[in-house]
Amino acid sequence: MIETGKDKEIWEEFQRQLDTQGLRVKKGVIQDATFITADPGHAKADKPRGDEAKTRRSKDGTWAKKNRKSYFGYKLHSKMDTEHGFIRDIKTTTASLHDSQVDHSKEGEVVYRDKGYSGAPTKGYDATIKRATRGHPPNIKEELRNKRISRKRSPGERPYAVIKSVFNSGHVRVTTVARVAVKMIFTAFAFNLYYLFTIKRREMA
């Protein structure tokens with residue numbers, strides 16, 4: 001699938017089918033990212049794995065730190081629509097790539113993002129939580145705006161909770177970013193099917 005790109009074709013076809021069922025993006029999207037960990041092995045953080053290394057250590061994984069905690073592996077960047085809750089776009093990178101370097105939005109979409117994206121350009125309408133800077137705390141208007149955005153983007157954590165707790169896909173054993181990307185496409189595909197089944201079951205109740 002890495003060589004043929006069939007995984008992306010399958011993903012795009014599923015998105016098309018969601019649209020034909022009236023589940024297209026209408027009101028806005030939430031962009032966020034989460035760490036997908038991998039085995040760092042016993043080498044130091046700054047030592048390359050090497051092509052000939054006989055180890056489980058991930059070849060493409062990198063180190064990143066968030067809230068004083070270190071993570072080794074990859075990062076899943078996703079876009080979820082606010083109305084229906086489906087994952088509509090994803091990208092897999094190494095863990096060290098900053099969230100702000102990925103923009104999933106399309107022109108005309110309102111994109112809700114946390115403060116980690118503050119100042120990053122977007123193709124959509126920017127609804128990013130404003131980050132406080134030294135000597136320039138948010139004023140009342142900005143604080144109210146941040147609260148509205150925070151409420152809108154909070155459901156964006158739901159897919160990650162399902163991916164990690166239900167599908168046990170928060171840790172990978174494959175060693176390249178290309179292989180992890182394929183796994184993440186099918187994990188996101190499974191989440192969408194799982195959530196579609198939930199919606200259909202509610203409609204029948």
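The values are calculated or read from the model by the stated rules, or taken from the named source; none is laboratory data. From a predicted model like this one, the values you see are computed outputs, not experimental measurements. Here the Cβ is made from the backbone with ideal geometry for all residues, glycine too, and neighbour counts use every protein chain on show.
Summary table below
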read-out: Failed criterion for K183 (all others in (1) modelled with pLDDT under 95; (2) part of a helix (DSSP H, G or I) hold); value: (1)
read-out: Condition met for V29 (modelled with pLDDT under 95, closer than 18 Å to R158 by Cα and under 21 Å from the mean Cα position of the chain (by Cα)); value: no
read-out: Scan of segment 191-205 for residues that are surrounded by fewer than 17 Cβ atoms within 10 Å (Cβ to Cβ) and either under 15 Å from the mean Cα position of the chain (by Cα) or not hydrophobic (A, V, I, L, M, F, W, C) (or both), ordered by number; value: Y194, T198, K200, R201, R202, E203
read-out: Some residue of segment 32-48 being at pLDDT below 95 and hydroxyl-bearing (S, T, Y); value: no
read-out: Residue check for K59: touching a Ser or Thr at 6+ places or on another chain (Cβ under 7 Å), surrounded by 12 or more Cβ atoms within 10 Å (Cβ to Cβ), at negative phi and modelled with pLDDT under 90; value: yes
read-out: Filter result for the condition that a residue is of a type in the set (S, T, N, Q), in contact with a helix residue (DSSP H, G or I) (Cβ under 7 Å, 6 or more places away or on another chain) and under 30 Å from V172 (Cβ atoms), over T82, T122; value: T82
read-out: Neighbours by Cβ (under 7 Å, 6+ apart or cross-chain): first from segment 90-115, in a loop (DSSP other than H, G, I, E, B); second among the aromatic types (F, W, Y) and surrounded by 16 or more Cβ atoms within 10 Å (Cβ to Cβ); value: A95/F35; A95/Y71; A95/F72; A95/Y74
read-out: Filter pass, K123 being loosely packed, with under 15 Cβ neighbours inside 10 Å, in a loop (DSSP other than H, G, I, E, B) and charged (D, E, K, R); value: yes
read-out: Residue match in segment 128-151 (condition: in contact with an Asp or Glu (Cβ under 8 Å, 6 or more places away or on another chain), of a type in the set (K, R) and either without any contact (Cβ under 8 Å) to a residue 40 or more places away in the chain or closer than 27 Å to D60 by Cα (or both)); value: yes
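Yes/no per residue for (1) assigned to a helix (DSSP H, G or I); (2) surrounded by 13 or more Cβ atoms within 10 Å (Cβ to Cβ); (3) in contact with a Leu (Cβ under 6 Å, 6 or more places away or on another chain); (4) of a type in the set (G, A, S):
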position: E142; (1), (2), (3), (4): yes, yes, no, no
position: R145; (1), (2), (3), (4): yes, yes, no, no
position: S150; (1), (2), (3), (4): yes, yes, no, yes
position: P155; (1), (2), (3), (4): yes, yes, no, no
position: P159; (1), (2), (3), (4): yes, yes, no, no
position: V162; (1), (2), (3), (4): yes, yes, no, no
position: S169; (1), (2), (3), (4): no, yes, no, yes
